[in-house]
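Undergrad: Mind looking over this structure? Questions follow.
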Amino acid sequence: MGKILTPEMMQKRIKTNNKILKYFILPIAILFIIIFIIPETPKPVIQEKKVNIDSIVALIKADKLFEIKDVYYNDKDSSINIAFTNKGNVLKDKDYSTVYFNQTYRLNDYSLIDGVTLYAYKKGKTLKNGDYKEYLMSDSKRNGRFVYRFREEFCLGDRECTALTSHLKRQLNDPDSYSSEHITVEYAGNNRVRVTNTYRAKNGFGALTLSECQCDFDMAGNGYNFKFN
């Protein structure tokens, strides 16, 4: 026959059972729910497109629009360099574009390729040996980000560059007559951008004229090589 519990003993046992439930069974149950029931937050999967540089070079060499003479991947700056002519061996305005090569061969999709530089082919010169000193056109994702940061900091859309305006006004006969028409910003090398500004201002005779100036800037907004065009 089992032991008869007094009301005091019953209360004590109930308290003991509550403590066991609160401090032992319940935490284990919560831990079980966290581990086995609540799904783990999925980690973002970063997918990077792989590329075989040799295959890209081979595709560009067989391009249908241009006569490709030399293609070289420079691993020092991660650039694809192309020396070419058009089919008639004569380069004409707008016959070439980095946009064409980037889009046709999806060069911007690959982290191993920073950009593309185009050269007019010269007999006897090679890209690998660095014989070409002047390029027709160059486009770099890294340089593009540099230009973008400068524009965000110092430019009002395509209308005005505040870093250039303050410098330009000091050169004008009538600074109050200044009105910016348009600016272009391009990478100029050596961590600088080149800003070209088309603007209106009164000349020494009081006539309102359309003029153009140009200046290079670093990321701090310091100007170099200012000139009127």
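The values are calculated or read from the model by the stated rules, or taken from the named source; none is laboratory data. Computed from a predicted structure; not experimentally measured. When we count neighbours, we look across all protein chains shown, and the Cβ atoms used for this are built from the backbone with ideal geometry, even at glycine. Protein only, heavy atoms only, side chains kept; ligands, DNA and RNA dropped before computing areas. Shrake-Rupley method; radii C 1.70, N 1.55, O 1.52, S 1.80 Å.
Undergrad: Using a 1.4 angstrom probe on heavy atoms only, work out the carbon and sulfur share of the accessible area of region 113-194 in %.
TA: 41
Undergrad: Next question, about the same structure. Grab the other residues whose beta carbon is less than 13 angstrom from that of Arg194, score K and R as +1, D and E as -1, and report the net.
TA: Computed value for this residue: -1.
Undergrad: Between Asn203 and Asn86, how high is the FRET efficiency from 1/(1 + (r/R0)^6) when r is the Cβ-Cβ distance and R₀ = 41 Å? Nearest 0.05.
TA: Given R0 = 41 Å and the Cβ-Cβ separation, E is 0.40.
Undergrad: If you don't mind, another one. On average, how much accessible surface per residue is there in region 148-229, in Å², for a 1.4 Å probe, leaving out ligands, DNA and RNA?
TA: 59
Undergrad: Run the quick spin-label model on Lys122 and Gln214: label points 7 Å from Cα toward the beta carbon, then report their separation in nm to one decimal.
TA: 2.1
Undergrad: If r is the Cβ-Cβ distance from Tyr178 to Asp63 and R0 is 45 Å, what FRET efficiency results, to the nearest 0.05?
TA: For R0 = 45 Å, the calculated efficiency reads 0.45.
Undergrad: Which FRET efficiency value, to the nearest 0.05, is calculated for Met137 and Asn52 with the Förster distance at 22 angstrom and r the Cβ-Cβ distance?
TA: Efficiency for this residue pair is about 0.30.
Undergrad: Kirkwood hydrodynamic radius of region 183-229 from all distinct Cα pairs, in Å?
TA: Answer for region 183-229: a Kirkwood hydrodynamic radius of 11.6 Å.
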